[in-house]
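Readers should treat all values here as calculations from the given coordinates under stated rules, not as data from a laboratory. In this text the structure is predicted, and so the values were computed from the model without any measurement. Please note: Cβ atoms are built from the backbone with ideal geometry, for glycine as well, and neighbour counts cover all protein chains shown.
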Amino acid sequence: MNTITLFKMQKALDQHIESQHKLEHEDLFDRKVLALLVEIGELANETRCFKFWSVKPPSQTEIILEEFVDGVHFILSLGIECGFESLESITQNGSEETDTSKQFLSIYKSVHKFRNSRRKEDYEQLFQGYLKLAQMLGLNEDQIEQAYIKKNEVNYERQRKGY
């Protein structure tokens, strides 16, 4: 996935939000990590992949895609916090994982590892694992990029309306 445009869009949104809420001098890293963990949980909830006790199907693809993209916003934002926005592309990791629940757990582990290290390699592993999850959920890069652009616009509109 070519990320340069997405990083630029996210950086502009982050700057807008931080300015609007007077957070320019705040350390937001841990709050962004927590936000990402929450978004990953919301995505898991929509996929219902872990709900072995239920026969209800997963949410519609559009809902899953929107939840997935919410996570992309925070992954990009964390990369910007650490100065990694020059990454031109991210690809799925080589994981052969076929169990969606285990992939979610792997992503949680990657988030925690990156939080503690703030290393570029750990960031890339997190992003790659998240894109692997997208593939497992039947989402492609074009869908993700288009949904990201759409949600970015929604986020600006929310800020204008005092969200």
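State the answer as a single residue: which of A35, F52, L78 lies farthest towards the positive end of the charge dipole of the chain, with beta carbon charges of +1 for Lys and Arg and -1 for Asp and Glu, about the Cα centre.
F52
Given Cα pairs under 8 Å that are at least 6 residues apart, what percent is the relative contact order of the chain?
Computed value for the chain: 32 percent relative contact order.
Using θ = phi - 60° and the Karplus form 6.51 cos²θ - 1.76 cosθ + 1.60, what ³J(HN,Hα) does each residue of region 128-135 get, whole Hz, x for Gly and Pro?
Per residue, the Karplus-derived 3J(HN,Hα) values read 4, x, 5, 5, 4, 4, 4, 4 Hz.
Net charge near Q135: determine it from the other residues with C-beta under 11 Å of the C-beta of Q135, scoring Lys and Arg +1 and Asp and Glu -1.
-1
Let me have the relative contact order for region 12-82, percent, based on Cα pairs under 8 Å that are six or more residues apart.
37 percent.
Looking at this model, which pairs from K120/K161; K51/K109; K109/K132; K8/K132; K51/K132; K102/K150 are more than 26 angstrom apart at the alpha-carbon?
In this structure, K120/K161; K102/K150 lie more than 26 Å apart at Cα.
Please list, ordered by chain and number, the residues whose modelled amide H lies under 5 Å from the amide H of C82; skip anything fewer than 5 residues away on the same chain.
Counting only residues 5 or more places away or on other chains, the set is empty.
Using a Förster distance of 30 angstrom, determine the FRET efficiency expected from the C-beta separation of R119 and E42, and round it to 0.05.
About 0.65, to the nearest 0.05.
Given DSSP loops and a limit of at most 10 other Cβ atoms within 10 Å, what is the longest stretch of the chain that contains no such GluC sites (Glu not before Pro)?
97-163
Quick check for me: using +1 on Lys/Arg Cβ and -1 on Asp/Glu Cβ, what's the dipole size of the chain about its Cα centre, in debye to the nearest 20?
Dipole magnitude for the chain comes out near 360 debye.
Based on DSSP H runs of at least 4 residues, each adding -39500 (n - 2.57), what is the mean residue ellipticity at 222 nm of the chain after dividing by all its residues, to the nearest 500 deg cm²/dmol?
So the calculated ellipticity at 222 nm is -23500 deg cm²/dmol.
May I ask you to evaluate 6.51 cos²θ - 1.76 cosθ + 1.60, the Karplus curve with θ = phi - 60°, for each residue of region 151-160 and list the ³J(HN,Hα) values in order in whole Hz, giving x for glycine and proline?
Using θ = phi - 60°, the values come out as 5, 4, 5, 4, 5, 5, 4, 4, 5, 5 Hz.
Please turn the phi angles of region 51-66 into ³J(HN,Hα) values with the Karplus equation 6.51 cos²θ - 1.76 cosθ + 1.60 (θ = phi - 60°), one per residue in order, whole Hz, x for glycine and proline.
Taking θ as phi minus 60°, the curve returns 8, 5, 8, 10, 9, 5, x, x, 5, 4, 3, 4, 5, 4, 4, 4 Hz for region 51-66.
For L28, what is the net charge nearby, where nearby means another residue's Cβ is under 9 Å from its Cβ and Lys, Arg count +1, Asp, Glu -1?
Overall, the nearby charge balance is -4.
Exposed loop trypsin sites (Lys or Arg not before Pro) only (DSSP loop, at most 16 other Cβ atoms within 10 Å): please give the longest stretch of the chain free of them, not including the sites.
Segment 52-117 is the longest.
Neighbour counts of other C-beta atoms within 10 Å: give me C82, C49 arranged from fewest to most.
Result, fewest neighbours first: C82, C49.
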